[in-house]
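Below is one structure, written out as structure tokens, with a few remarks after it.
Quick note: the coordinates plus some simple rules give every number you see, no bench work behind them. Worth saying up front: this structure is predicted, and the values here are computed from it rather than measured. Cβ placement follows ideal geometry from the backbone for every residue including glycine, while neighbour counts extend to all protein chains displayed.
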Amino acid sequence: MADVTVYTTDPCAFCTRAKQLLTKRGIAYREINLARDADGRAELTAKTGMLSFPQVIIDGELIGGFQETLAADKSGRLAALLAA
């Protein structure tokens, strides 16, 4: 099973949509809400070099925000990453 992490914050409509997409596809994920987890900010910056939300990471590979995750879903890349 793939390791999926979603970095979010509050309030964030795109964060909510990214989580809804993953849930709809039956993809289990670990959420790190940076509004509540200050250490997560340093972790996100170290992994991605960015501090924008949401950020979806699958098995250490940055997928991106909601739009990038949606595009990966539509192209079949999301399913391929999860199947690997």
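Restricting attention to the range 64-76, which residues are closer than 16 Å to Thr23 by Cα and not in a helix (DSSP H, G or I)?
Gly65
Working only within the range 1-23, note down all residues that are among the hydroxyl-bearing types (Ser, Thr, Tyr) and either out of contact with any Phe, Trp or Tyr (no Cβ under 7 Å at 6 or more places or on another chain) or not in a loop (DSSP other than H, G, I, E, B) (or both).
Thr5, Tyr7, Thr8, Thr16, Thr23
Within the range 16-57, count every residue that is surrounded by 14 or more Cβ atoms within 10 Å (Cβ to Cβ) and either in contact (Cβ under 8 Å) with a residue 60 or more places away in the chain or at positive phi (or both).
Final tally of qualifying residues: 0.
If you go through the range 70-79 one residue at a time, do you hit one that is hydrophobic (A, V, I, L, M, F, W, C), crowded, with 17+ Cβ neighbours inside 10 Å, touching a helix residue (DSSP H, G or I) at 6+ places or on another chain (Cβ under 6 Å) and at negative phi?
yes
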